[in-house]
Amino acid sequence: MSRLVLVSNRVPDVKERVQSAGGLVVGLGEAVRDTEGLWFGWSGQHRENAVSSDVQIEQLHRVTFATVDLTTDQHTRFYENFANGTLWPLCHYRLEMIRYRREDYESYREVNTLFARKLAPLLQEDDVIWVHDYHLMTLGAELRALGVRNRIGYFLHIPLPPWSVTRVLPCAAELLRDLTQYDLIGVQTEEDRENFNSCFSAIGLFTRVEHFPIGIAPEEFREEARRNVDAPEVVRLMDSLRGRKLVIGVDRLDYSKGIPERIKGFEKLIRRYPQHEAKVVMLQIAPVSRAGVSAYQHLRREVDELSGHVNATFGTFDWTPVRFLTQSVPRHVLAGFHRRADIALVTPLRDGMNLVAKEYVAAQDGDDPGVLILSSLAGAAPELKAALQVNPYDPDQIAEALHLALTMKKEVRKKRWRFLNVEVQRNTAARWAAEFLSVLKEVR
Ligand code: ADQ
């Protein structure tokens, strides 16, 4: 059986390798579970002369973890500036937020070259290579330039806009040309696939693009939620609510997640439907992410101000309408919170997939499930049609959906949840990985 080689910017750290972790790690972890694997990526460490540094190798069961360090300068230019300051806003249709500098793009290419040079000597003849995400668009082309003839697949976890938007990026055609060196490109949705094809046809090139919507490990998450429904933190949260309904939001603090619009929607709910005043609490958990990128610092201030404004306007001495947390919550506690929450507000302005929506569904008690309010612009929307779908830019729609969810009869909640749960159970992380790999092994 051929070995599977995974390449991603970040490799799971020692703790994540043994404990339950997020969707990508779970999905890829399952993909390498039954085969021998090599997982290659950035160590998370900085070193000044990284180009000459060695690859660090660690073995866990049948998986070898191979990592390299980056210099501080590469981290700034490649990771913060180009990957997260240029590609991320572009792919999330936020053109006004794009910061493009040729030096940053050059650093991006340099890091992809570095990855290729360090990875190539570790490869065996029949390895199947699977590269992940927007940090590594040019890695396949760099490996080919070094003579690597193995099958190489690529999965983009975030959306890709059509050519009319993508062409804004000065180096778009170069990146697309390099992407054609992959044997197969996987994306989350049919729309992303069409957009990729529109980009390739604009530059007169072609490569195979298919959509493979990513999932979670639903059984594991359900068990986690069941086990933790009375965990001490969950009990404390429930006690603090004093019988009020709970609306939960769980995201990385990212401008693609639509958190300000969501808080405005919650404010409109209270203004428009006074019957919910003091009867409902919104808990927004959003650990700070990419704090080195200025747009994220700005967002932090905006969410602080908005939640402060709602609390100052409507709060009473024993009711704080919005609780905004930037510290992260352990995964098992999050699972318990999800099970207890009456409503999940998952309203990204754009999202490749959004695994939080699927985790919320998996965590519910089927006899008394909560309601999922989902952005129609999340990659999960085509699968999760039974959610209450809203346009995330429109706080009025969010307010109406919240009112509908708060007043929804149990029978309707159960019926909607059953439809959602079928989708979440069917399309697991393991199936996602297996389907991608089976198509990759067939192409050429
Ligand atoms: P993300 O943008 O990180 O991922 P998402 O898919 O929602 O978004 O979350 C990934 C994981 O992180 C989930 O397992 C979630 O539980 C966890 N997580 C998120 N917020 C958390 C919090 N506040 N505390 C603790 N854990 C939290 C990218 C793309 C997505 C795509 C995934 C997978 O942006 O569109 O769905 O990759 O392909």
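None of the figures in this text is laboratory data; all of them are computed from the coordinates on show. Predicted, not measured: the structure shown is a model, and the values here were computed from it. We place every Cβ from the backbone using ideal geometry, glycine too, and count neighbours over all the protein chains shown.
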Share of Cα-Cα pairs in segment 218-425 lying beyond 28 Å, as whole percent: 20 percent
Rg/Rh for the chain, where both radii come from Cα atoms and Rh is the Kirkwood radius: 0.97
Simple spin-label estimate for Ser328 and His61 in nanometres, 7 Å along Cα-Cβ: 2.2 nm
For the chain, calculated [θ]222 nm from helices alone, where every DSSP H run of n ≥ 4 adds -39500 (n - 2.57): -12500 deg cm²/dmol
Relative contact order of the chain, defined on C-alpha pairs under 8 angstrom at six or more residues apart (%): 16 percent
In segment 131-211, the chymotrypsin sites (Phe, Trp or Tyr not before Pro) that fall in loop regions by DSSP, at most 14 other Cβ within 10 Å: Phe206
Theoretical gain in end-to-end length, Arg301 to Arg144 [0.36 nm per residue, Cα-Cα removed]: 52.0 nm
Largest-first principal axis extents of the Cα set of segment 81-200 (Å): 44, 33, 19
Low-density loop positions, trypsin sites (Lys or Arg not before Pro), segment 229-290 - DSSP coil, at most 12 other Cβ in 10 Å: Arg242
Mean Cα-pair separation over length for segment 218-425, i.e. relative contact order, pairs under 8 Å, 6 or more apart, %: 27 percent
Extended-chain gain in nm, criterion 0.36 nm per residue less alpha-carbon gap, Thr407 and Glu125: 95.5 nm
Choice from Val234, Val168, Val371 showing the highest fluctuation, given a GNM over the chain with Cα pairs closer than 10 Å: Val168
Around Asn112: net Lys/Arg minus Asp/Glu count, Cβ-Cβ under 14 Å: -1
Whichever lysines have a C-alpha closer than 21 Å to that of Lys415, once near sequence neighbours (fewer than 8 apart) are set aside: Lys245, Lys358, Lys385
Most mobile of Gly37, Gly249, Gly292 in a GNM of the chain (Cα contacts under 10 Å): Gly292
Segment 69-115: trypsin sites (Lys or Arg not before Pro) falling in loop per DSSP and having at most 16 other Cβ within 10 Å: Arg94, Arg99, Arg101
Residue (of Phe314, Val443, Val288) at the positive-pole extreme of the chain, dipole from beta-carbon charges: Phe314
In degrees, nearest ten, helix 429-442 long axis to first principal axis of the chain (Cα): 30 degrees
Percent RCO, i.e. relative contact order, over segment 127-224, from Cα pairs under 8 Å lying at least 6 residues apart: 27 percent
Most mobile of Leu95, Leu402, Leu156 in a GNM of the chain (Cα contacts under 10 Å): Leu95
Additional length obtainable on full extension of the chain from Phe206 to Ser240, 0.36 nm per residue less Cα span: 6.6 nm
